[in-house]
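Read through the structure below, which is laid out as structure tokens, and then see the notes.
The values are calculated or read from the model by the stated rules, or taken from the named source; none is laboratory data. Note that the structure is predicted; figures quoted are calculated from it, not measured. As a convention, Cβ positions derive from the backbone with ideal geometry for all residues, glycine included, and neighbour counts pool all protein chains shown. Keep in mind that these areas ignore ligands, DNA and RNA; they rest on the heavy atoms of the full protein, side chains included. Shrake-Rupley method; radii C 1.70, N 1.55, O 1.52, S 1.80 Å.
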Amino acid sequence: MIKIHDVEQGSIAWHELRADRITGTSAKDLLLADSIDAVLLSKDDTFKGNYYTERGKALEPQAIQLYNEIYETDIAHFGFVTNTKYN
């Protein structure tokens with residue numbers, strides 16, 4: 001089941017949701033790892049962002065608005081998505 005979590009990116013709740021999960025930041029490590037467990041054990045949660053992540057956050061509202069206009073939909077902003085199929 002897909003669940004949308006309404007949390008602010010970078011908040012304590014957001015970091016708690018990311019804990020013990022493979023995310024975009026750690027997904028690249030899967031290419032070199034022997035197992036998912038090895039990636040989870042070596043996960044470095046000290047990454048706090050950079051120019052590109054800050055730019056993405058700044059542009060996200062405009063991207064959502066443009067997407068909604070193009071596809072005539074009403075996608076909302078949310079902080080994190082999980083899927084029990086992959087937990």
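Details
- Top-ranked residue in the range 29-49 [being among the charged types (D, E, K, R) and over 16 Å from the mean Cα position of the chain (by Cα); ranked as least open to solvent (accessible area, probe 1.4 Å)]: Asp37
- For the range 55-82, a residue qualifies if it is hydroxyl-bearing (Ser, Thr, Tyr) and open to solvent by 70 Å² or more (accessible area, probe 1.4 Å), and the qualifying residues are Tyr67, Tyr71.
- Verdict on Gln9 being polar (S, T, N, Q) and exposed (fewer than 10 other Cβ atoms within 10 Å of the Cβ): no
- Flag for Tyr52 being over 21 Å from Ile4 (Cα atoms), open to solvent by 60 Å² or more (accessible area, probe 1.4 Å) and of a type outside the set (Gly, Ala, Ser): yes
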